[in-house]
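Data block below; observations after.
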Amino acid sequence: MTKSGNASRMHKSVKEFRDSGLSQKEFAASHGLTTGKLHYWVSKTARPERSAAPKKDFVAISVTPEHEDRNIVIRLKSGVEIEIPV
């Protein structure tokens, strides 16, 4: 079984567990799972999912006509400066 297939199956099992009213031990035994595996997935699904989309570290800027003869200077924390003529 693929990683995504296993994850999908376990997410479904965790949902069923939460709806069942059973203890983790009872649910795991009745569904052929180890208590440890069920506990792992219950705790994993309780955490907020990380977004698959990358965090946006860039900000869009626009240059107005009155600023066309200037440069944009980007100063990084490391001390590096990037100067962009506009």
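Screening 28, 60 for residues that are surrounded by 10 or more Cβ atoms within 10 Å (Cβ to Cβ), of a type in the set (Gly, Ala, Ser) and either within 29 Å of the chain's Cα centre (by Cα) or modelled with pLDDT under 85 (or both) leaves exactly one candidate, 28.
Just to be sure, is residue 80 touching a strand residue (DSSP E or B) at 6+ places or on another chain (Cβ under 9 Å), aliphatic (A, V, I, L, M) and modelled with pLDDT under 85? So residue 80 does not fit the description; no.
The values are calculated or read from the model by the stated rules, or taken from the named source; none is laboratory data. Bear in mind that the values here come from a model prediction, so they are computed numbers and not experimental data. So basically every Cβ, Gly included, is an ideal-geometry build from the backbone, and we count neighbours across all protein chains shown.
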